[in-house]
Structure formats: C-alpha cells, structure tokens
Amino acid sequence: MIIGAGSAGVAAAISASSESLSVLLIEKSNRIGGMATQSEVGTICGLYLNDDSPVFTYNVDDFTREFSVNVQQLSNSSPVINKDGLKFLPYKIEAFENHCKDLLQKHKVDIWLNTELTNVQMNKEKITSLTVLKENDTSEVLPQSVIDTSGVNIVSELVGVELQSISYQQNLTHIFTIENTKFKSEENLAFILLLKTKNQFDVSIVPGSFSVNEVALKFNFEDKNTDVVQEIEKVFSFLKENIAGFSNARIKSLADETGLRIGDRAEGEYVLTENDVLTCRKFPNSSANGNWPIEIWKANQQVEIKSIKKNDFYQIPATCLKSKNIQNLFFAGRNISADENAIASARVIGTCLQTGFAVGKIVQRSLRGK
Ligand SMILES: Cc1cc2nc3c(=O)[nH]c(=O)nc-3n(C[C@H](O)[C@H](O)[C@H](O)COP(=O)(O)OP(=O)(O)OC[C@H]3O[C@@H](n4cnc5c(N)ncnc54)[C@H](O)[C@@H]3O)c2cc1C
C-alpha cells in the first residue's frame, strides 16, 4: 500500500506493480502528481549531470529518464541551462499529470483518490492495518508492506514515532500563471520585477515558464494564515498598474495548493547528511543519484544555496528508504530519511522519481524474502 500519489508514490506504484504485486495507491486529493501538479512547480530538477557541457546527459535511473523524455515530448518543451549553469526540464502540468495517469493505468495500479490515511494499527514493530477515510466512508486495509510517500511522513506521525521538524521557519510559495503578457525575454521580466516589486512583494519567475505572452510566478510569503487568493489578486493589480507588459494581462490559473518545501522527517536505517551531499558520497547499495544544490528557503530571506561539485553527484543508500522503527514501513521522495539540509537537495522531482522507483523494487524483494 502506498500513501500519496506524488512523483515518488507514482514511481513506487509502477515499480512495485510491474512484477504482479497487488498495489493500492491512496491519495487524499482528487489529483495525481502531488506538488508537481497541485502546486504547479513546473520544472523537473535533478535529471542531468551537472557539468559545463551544452549537452544534457541524464544522471538518473532508466525509469526516471524515460518518464522525463515522455513528459518533455508531451509538454513540447526543451531542457534549460540557467545563469548558474544548472540544468532542468520545464514541463506542462497537464502533461505530467496525464503521463502519470497513463502509466498507472498501464500497470493496473488500484488508485483510490479523495482517500486519506487516518489511522495505523501496529502489532509490536509491524503495521497490521491502516484506516482510510474515503468520501465519508471508513475502510480498513491490511497490507503486507507500506510505502509512505505522503511528503509529511504521515504513517510515522500516526504511529507516534518521534519526527524531526525543520529548525527554521520556511518560506511558503504559491504559484500562479498570468497570460496575455508582453515582455521581450525572461531576463528582461526578471529585471523589471526586481526593480518594481522590491520591498512590496516577494514574487519571482518559475524558471523556464516564460513564453511571449504567458508566465508563471512564485508568490513567496511566510504566514500560513495568509489569504492567498486575496494576496495574489493584490499582487496582480500592482503588476497591472505599474508594469506596462502586464497592462492587458489576466490571471490564467492559481495552483490548487500552496507549496511547503520540507515536511517532518522520520528516521530510517541510515540518515543522509549534508556532508554526504556536499562531498558527493557514494554508497554500495545506492537507490538514486542526486546533484541539485541544497536550497534553504527561510521565511523572509533570500534563498541560501550550497552547491555541489561540478561533474559529480552523491548517492542515496537504500537504507534511507527503510524505517528504523517499523519493520514493514518504507519511504521515498521528500519523505526519505535525511537531515534538513540533505533533503533540501534530495527533494527535487528527478530524485523523488528515482527513490520512488527504487523503493518499489526493494519492497518486492523484501516480500519475496530476499
Ligand atoms: C514552491 C516549490 C517549488 C518547487 N520547485 C521545484 C522545481 O522547480 N523542480 C523540482 O524538481 N522540484 C521542485 N520542488 C520540490 C518538488 O516539487 C517536491 O519536493 C516533490 O514534488 C515531492 O514529491 P513527493 O512525491 O515526495 O511528495 P508530494 O509531491 O508532496 O506528494 C505527496 C502526496 O501525498 C498526499 N498525501 C499527504 N498526506 C496524505 C494522507 N494522509 N493520505 C493520503 N494522501 C496523502 C498529498 O496530497 C500529495 O499528493 C518545489 C517545491 C515547492 C514547494
């Protein structure tokens, strides 16, 4: 049973079900893709080698490479190198979501949408059953193994295992898309935004989202009680009144969910550290390669970046995907066992897809008793 149909949960479901294991994937919202679709993040990071070459060389497993190639084709997009030399892939939200749905259908994964995990029953150190709430009905599920890809380690939380919260207040981000805009280039718009909105609002461009007449913007704020719709309307009115290229613009869409980058973390057999990430440590039982910089998004501050060596990458050992406390509980995506700065790198979608795919195979092997 897999909790949460984000990038990691989808990859885990496909990987686990491909060798005729019966897989149930539950998702509390009515959508597939997690933050990649509900928060409209718009770019897949962590896919390519971090080198100085103009060529985009994949540095991920075959599943993640194939997934990205397909999403790229469906999005009609091309990978981008930003001003810091980082490489990533912009995607269309519908393309990402539809591709996930197609894959899940092809692999005959049983999916329950609008279904929330609400309780976990244990016997000694093993999960015996899970209670889920689906459209006001409660059901009990008796899985052999549980993969928690909820992004917030909901299973460990419900069991009462002590979780690690992040030590600083994080920035919250709500993404919205504006159409009928008129700007020369992404750089030109970025400069104008900086100049005009400084000290007014914290808004920035979703990298790679710029086209001649459309752009996705990130609205960053700190108070979780903020009325996001009202604030974004205020930001939009300001942009329309003060920047010529927005004068005829309209809000095209608002993401369903505000994004909070890092959730509470549970401890696995190994805890990936910031040092492992920054020294590009390799492990014999690796589940994924990562090379995205550590990005620390503190409330009310500029993002702090800790870069990883060029031409190199770190690995995530399979022991980060296995709970230390609960025998039949596994993790993937931004739920893996990692310290707060290690996860600030390993949370990107390219890495979540890899740990998701890896954990599906690990569960298959564990059920076969290997
Ligand atoms: C503002 C922002 C910008 C970002 N930009 C980028 C970017 O440009 N590129 C990039 O690669 N990454 C980016 N990221 C990070 C990336 O989007 C996420 O870390 C990644 O998508 C996490 O995937 P996941 O599958 O681990 O978890 P999630 O996508 O969070 O999926 C978890 C799923 O579990 C479900 N769930 C939670 N609790 C329950 C429950 N009790 N029962 C059932 N279901 C439950 C949730 O509804 C959700 O669908 C960004 C993140 C944010 C917030």
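In table form, for the structure just shown:
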| quantity | calculated |
| --- | --- |
| Sole exception among (1) buried (at least 17 other Cβ atoms within 10 Å of the Cβ); (2) of a type in the set (Asp, Glu); (3) within 20 Å of SER77 (Cα to Cα) for GLU187, by number | (1) |
| Single match in THR181, THR197 (criterion: in contact (Cβ under 8 Å) with a residue 24 or more places away in the chain, over 21 Å from ASN76 (Cβ atoms), away from the ligand (no atom under 16 Å from the Cβ) and polar (S, T, N, Q)) | THR197 |
| Out of GLU231, GLU257, GLU157, sole residue that is in a loop (DSSP other than H, G, I, E, B), under 28 Å from the mean Cα position of the chain (by Cα), of a type outside the set (A, V, I, L, M) and at pLDDT 95 or above | GLU257 |
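The values are calculated or read from the model by the stated rules, or taken from the named source; none is laboratory data. None of these values were measured; they are calculated from a predicted model. Glycine also receives a Cβ, built like all others from the backbone with ideal geometry; neighbour counts cover every protein chain displayed.
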